[in-house]
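Take a look at the structure below.
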Amino acid sequence: MCKKGGAIVAYKARLEKIKAASALCEALWRGARMLAVSSHSGRELQRRLRHAGVDEATAAEAVERLRERGLIREESDAVRLAERCVRKGWGPRRVLSELFAKGYGEAAQKEARTYLESVDFNEVCLDVLKKVRVPERSDRAALQKLQASLLRRGFLPSTIREALQAYFER
């Protein structure tokens, strides 16, 4: 009886290992499919895997293995996201806020900051002004609304002032 009971315990232990390996394999496949569709930070991918029903430890291990295999490249993905945000007409504050919200780490954010330093946000802000209806200089209330809108887009007040000045001078 003892031998049989020991064998059952051994089989149950093996079964648990197989189930854990199967769950990890499924999490790796899910993560790889998510990364094939669009880039994600490790933290964001782990959150998405958890939302898909993967337990926390398995999701963390899957993200680590995907990172080891080079499928999660946070630095280059963060720079690409920053470029996309700048093309949308966002200022530096909003871009950095988006990177933080997406879960990119300090190293990735540093790479994105390096890229952002090369961007002329006066020109980006001026491009936004060319696309929206800019009120007359005399309409103070409408100008304040426009400035508030540009602040929400993440532009610095000095950048907004310079862009408005350049807009009215042309």
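The values are calculated or read from the model by the stated rules, or taken from the named source; none is laboratory data. The model shown is predicted, which means the values in this text are computed figures rather than measured ones. Positions of Cβ are generated from backbone atoms using ideal geometry, with glycine treated the same way; all protein chains shown enter the neighbour counts. Side chains included, ligands, DNA and RNA excluded: accessible areas come from the protein's heavy atoms. Shrake-Rupley method; radii C 1.70, N 1.55, O 1.52, S 1.80 Å.
In the chain, the longest principal axis of the Cα atoms and the axis of helix 106-117 are about 20 degrees apart.
Placing +1 on each Lys and Arg Cβ and -1 on each Asp and Glu Cβ, with no other charges, gives the range 1-82 a dipole about its Cα centre of roughly 480 debye. Residues in the range 20-34 carry Karplus couplings, in order, of 5, 5, 5, 5, 5, 4, 4, 5, 5, 5, 4, x, 5, 5, 4 Hz; the curve used is 6.51 cos²θ - 1.76 cosθ + 1.60 with θ = phi - 60°, and Gly or Pro positions show x. Note on the chain: with charges restricted to the Cβ of Lys and Arg (+1) and Asp and Glu (-1), its dipole about the Cα centre is near 740 debye.
Within the accessible area of the chain, the carbon and sulfur atoms contribute 52%, probe 1.4 Å, all protein chains present.
Measuring between their Cα centroids, the range 96-159 and the range 1-79 lie 39 Å from each other.
For the chain, please report how many Lys pairs fall under 30 Å Cα to Cα, leaving out neighbours fewer than 8 apart on the same chain. Here the count comes out as 17. Put simply, when 15-22, 81-88 are sorted by average Cβ atoms within 10 angstrom per residue, most first, you get 81-88, 15-22. Ordering Ala166, Trp90, Ser41 by Cα displacement along the dipole of the chain toward the positive end leaves Ser41 in first place; charges were set at the Cβ atoms of Lys, Arg (+1) and Asp, Glu (-1).
For the chain, the solvent-accessible area works out to 66 Å² per residue, with a probe of 1.4 Å and every protein chain left in place. Here the relative contact order of the chain, from alpha carbon pairs under 8 Å that lie six or more residues apart, stands at 20 percent. Sorting the segments 136-144, 44-52, 63-71 by their residues' average number of neighbouring beta-carbon atoms within 10 angstrom, most packed first, yields 44-52, 63-71, 136-144.
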